[in-house]
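Okay, so here's the structure we're looking at.
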Amino acid sequence: MTQDYASQIHRCFRCGYCKFPTDYSSLNCPSFRRFRFDSYSTGGRLWLIYAWLRNEIDWSEHLAEILYACTTCKNCVEQCPMKFSTDIVDWIVGARSDMVEKGRIPPQVARFFEAVHGYGNPLKLLRSDRAAWADGTKKYEPGDEYLFYVGCLGSYDENGQKMARSLADVLSAAGVSFGILGNEEECCGNEVYMLGEMGLFQTLAEKNNQQFKELSVTNIVTLSPHAYNVMKNNYHQFGADFAEYHYTVYHYTQLLYGLIKENKIRLSNNKAKVTYQDPCFLGRYNQIYDEPRQILQSIPGIELVEMERNRENSFCCGGGSGNFVMDLLAGGKDSPSRARVREAHDTGAEVLAVACPSCLTMFTDAIKAEDLDDKLVVKGISQIVKESLSSK
Amino acid sequence: MSDIYATLQEIVGKDYVSNQAEERYFYGRDPGLMPPHEPDYVVMPRTTEEVQEIIRLANKEKVAVVPKGAGLSLTGLVIPQIGGIVMDMKRMEGIEVNEAGRYVIVEGGVTHAALKSHLQKNYPHLRHSIPDSPPIATIVANAVIHGQGRLTQQRGFNSDMVSGLEVVLPTGEVCRIGSCAVSSYWFSKGPPMPDLSGLFLGWFGTTGVITRLGMKLYPCKKMRDVMLYITDRAELIPDIIRKLSHTEMMEDIVVSCAPLPLRFKGVFNMLVYITGDSEEELEFKRKMAWDALREYFESRDGGFMGVSPYMKPSLLAMPSKDTTRFADVSKGGGFEYSGPIAPIEKYPQYVKKLEELASKYNLFYSSAARVIDGGHSMMFSFSYTFNRADPDTMNRAKTALDEAAEFALDEGGVIWKPNLNEQRMVMERMDPNTLKLLGKIKQLLDPNGIMNPGNWEAK
């Protein structure tokens, strides 16, 4: 990993395009928006990594915090005018990986890895409680059409569980053949990958692939865009033992929109003004922008209004790269989640719709901190669809 | 913890001061070729009062202060030469538009990006002169270095468009410059009174910290277009510029040359921008441009070339990402240019020198020359790339730029945003009494010599 980025990282000119959305209407790099020192921008980070590689600066906890405050939201990749733009996140992950190998990481990151390694989730909750939310949802069996991969937040986080429960109910109502892994489900490893712990990531990817293979899984639907991303784009790196085995991964919004189109989900009136947050790992990472909006627009009574920054210019909730647990960007009104809920509120929407349990938990806290409890509510799209299910 | 650090924390809050190695490293250098020197502190004030307190502290402690925008001059103008405090202005981001008066008052950290977006959203019929530097460049810093932008052909340097200043003097007093000194309106930076803005514009922060700046706004026409005129005869460029600027209808005129792509080698590309409120207006201006250059079309010395739909958005973009992309054409992440403001008649000699130096030092080059103020002068860039990971290319580029600067001065130009070495070259050639005046003004305004030491030091 080191060679991959070390020979290229000097190419950043620190021009600063990475700080903006396309129309320059705001600052769109979450950590730069939060801390404002140029060292916390993508250019700052790349220059500091280069300095560290050349021994011009020593490792410090502050350096590591700067590196790990990046949410890997990919706004920089979207905006950087240089030909190397698509490599930027890989460079950051590469530098993190080097820090991991040297054992030089912030304590919050170390605790994250310990929890995933020991408990199979970053929240350090018991494996035996992973399916506590499921309430009778059946386990996956060979022959089921879909494996519903719930993920750590969907399994353990109070808000994530509501999203998961709603999705399971909607899928059941639509007559979809699916099952879950229950307490046998393992962390997807997206955050572990982004945080640079490649050994642990490989273990997780291989465990998951092995389990999927043993169960003859052919289609996976994920609650979280993070899981969708890593299974779709990164698991194949560890596929030597799975050369003849393939599965297709869907994010649940793709599946739900398909079901709506096929009239397998019928929706009744649900009057609300709604705005939608594009999750980074669904949008910028995988260009899925339309299906979540099409679901919302399929619901009679819902008026969809856009925030100023949307689609490829969306502003990250601040939860990426494990920050939904570590929250290195927390503190004050400049934290990304608080800035974003203010932007959502400014649209006049009463509902902030999300397609990611990480966004759900980040925004739920931010709404409280901004004292917007009685003005704005954050809901998963699966929850909105469940509320809108027609009884006819 | 030092007293200075603790006091800075008291002034701006602990989140907005750093003396850590990482911030000191980053703020101790810029993307150009000047040697780094680290500050002791980086501080981000939010208000004019906080700026005052920092300046008073610096005077008391005899510590240097370097006000900083985005740090994109490429010539090291905000590298703190003796350490001290780098004052990053980006948290001062207020924007107040006077629509009827066609001007805006911006705080010291407002970026061109923020103003462009603000105007597009709220006052789409108004615009400002957007430079080719990246969007994070600030309005104030760009004016302080006499930057240029899309309206420079019509309106002069961006500093010519300033309509008032609020400055914290090096001794801590707040001072208003221009009509805003006697009125609540910011329509003029001086006239009909003595124009004191010259005490601050072009001084690179050595005479005070500009905390607010009035900038004139201009009509934003509904349509823009770009025409591409090409010729392979450098000696014709001055006359072509004279003929085009005579029409008084061009928004902007930029002449560029580069050895790659090969189809452009030896060819001078003149980008001629026009604006209009209707297609008829645009068509009329296109016709005027054609008519102005008919002579050269008929002699087959040049002609307008179609601009493909693929190229057009990039050419019309403000700011232009292509300027930034030049930094990585050699995959080295670096470029710098010496940019003399020069008589347009010198274009052929400057181009010859640009190519000579590129060949002599084996460097990739390009040049963009922008017409200033209706054709009274041009900014000609001697631009060379370097590889940030290869000290040899950096040394060669530095030497080439030094030679380019000497040449440009010998040929009647004056260096734009000169680095320390170029400032020395300029001052060596300066009229001795002018140089003394420079020194007297600096001494009078900054008796303790705390403001951006090293720059414009008339010894």
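There is no residue in region A:327-337 that is modelled with pLDDT of 95 or more and either of a type in the set (A, V, I, L, M, F, W, C) or open to solvent by 40 Å² or more (accessible area, probe 1.4 Å) (or both).
Listed by first and then second residue, the pairs with beta-carbon distance under 9 Å, at least 6 apart or on different chains, first residue in region B:38-62 and under 14 Å from residue B:453 (Cβ atoms), second part of a loop (DSSP other than H, G, I, E, B) and modelled with pLDDT under 95, are B:40/B:2. Taking first residues from region B:388-404 that are in contact (Cβ under 8 Å) with a residue 24 or more places away in the chain and partners that are among the hydrophobic types (A, V, I, L, M, F, W, C) and in a helix (DSSP H, G or I), the Cβ contacts under 7 Å between residues at least 6 apart in sequence or on separate chains come to B:400/B:357; B:403/B:357; B:404/B:357.
Every listed requirement among (1) within 10 Å of chain B (Cβ to nearest Cβ); (2) within 20 Å of residue A:15 (Cα to Cα); (3) within 21 Å of the chain's Cα centre (by Cα) is met by residue A:88 save one, (1). Checking region A:219-236 against the condition returns a match, with at least one residue being assigned to a helix (DSSP H, G or I), open to solvent by less than 10 Å² (accessible area, probe 1.4 Å), of a type in the set (S, T, N, Q) and in contact (Cβ under 8 Å) with a residue 24 or more places away in the chain.
Any residue in region B:89-110 that is of a type in the set (Lys, Arg) and either more than 29 Å from residue B:327 (Cα to Cα) or open to solvent by 30 Å² or more (accessible area, probe 1.4 Å) (or both)? Among the residues of region B:89-110, at least one is of a type in the set (Lys, Arg) and either more than 29 Å from residue B:327 (Cα to Cα) or open to solvent by 30 Å² or more (accessible area, probe 1.4 Å) (or both), which makes the answer yes.
Just to be sure I understand, how many residues within region B:245-293 are part of a helix (DSSP H, G or I) and either in the same structural domain as residue B:370 (by TED's automatic domain parsing) or modelled with pLDDT of 95 or more (or both)? The number of residues fulfilling the criteria is 16. The residues of region B:324-367 that are among the β-branched types (Val, Ile, Thr) and part of a strand (DSSP E or B) amount to a single one, B:341. In the set (1) without any contact (Cβ under 8 Å) to a residue 40 or more places away in the chain; (2) in contact with a strand residue (DSSP E or B) (Cβ under 7 Å, 6 or more places away or on another chain); (3) among the polar types (S, T, N, Q), the condition left unmet by residue A:166 is number (1).
Looking across region B:31-57 at every residue that is under 24 Å from residue B:386 (Cα atoms) and open to solvent by less than 10 Å² (accessible area, probe 1.4 Å), the one that is farthest from the other protein chains (Cβ to nearest Cβ) is identified as B:32. The set of residues in region B:12-28 that are more than 8 Å from every other protein chain (Cβ to nearest Cβ) and out of contact with any Leu (no Cβ under 7 Å at 6 or more places or on another chain) comprises B:12, B:13, B:14, B:19, B:24, B:28. State all residues of region B:274-314 that are in contact with a helix residue (DSSP H, G or I) (Cβ under 8 Å, 6 or more places away or on another chain), open to solvent by less than 60 Å² (accessible area, probe 1.4 Å) and in contact (Cβ under 8 Å) with a residue 12 or more places away in the chain; if no residue qualifies, say none. Scanning region B:274-314 gives B:274, B:275, B:276, B:289, B:292, B:293, B:296, B:301, B:302, B:303, B:304, B:307. The residues listed here are A:12, A:18; of these, the one that is within 7 Å of another protein chain (Cβ to nearest Cβ) and not basic (Lys, Arg) is A:12. Cβ-Cβ distances below 7 Å connect the following pairs, each with a first residue in region B:261-273 that is at positive phi, a second residue that is open to solvent by 40 Å² or more (accessible area, probe 1.4 Å) and in a loop (DSSP other than H, G, I, E, B), and a separation of six or more residues or different chains: B:266/B:232. Taking residues in region B:105-121 that are in contact (Cβ under 8 Å) with a residue 12 or more places away in the chain and closer than 19 Å to residue B:163 by Cα, and partners anywhere that are assigned to a strand (DSSP E or B) and of a type in the set (S, T, N, Q), the pairs with Cβ atoms closer than 7 Å and at least 6 places apart or on different chains are B:107/B:211; B:108/B:211; B:109/B:138; B:110/B:138; B:111/B:138. Pairing residues of region B:326-350 that are under 18 Å from residue B:270 (Cα atoms) with residues that are assigned to a helix (DSSP H, G or I), at Cβ distances under 6 Å and at least 6 apart in sequence or on separate chains, gives B:344/B:238; B:344/B:241; B:345/B:238; B:347/B:237; B:347/B:238; B:348/B:234; B:348/B:235.
The values are calculated or read from the model by the stated rules, or taken from the named source; none is laboratory data. Keep in mind that what you see is a predicted model, and the values were worked out from it rather than measured. Here the Cβ is made from the backbone with ideal geometry for all residues, glycine too, and neighbour counts use every protein chain on show. Each accessible area value is taken on the protein alone, full model and side chains, heavy atoms only, with ligands, DNA and RNA left out. Shrake-Rupley method; radii C 1.70, N 1.55, O 1.52, S 1.80 Å.
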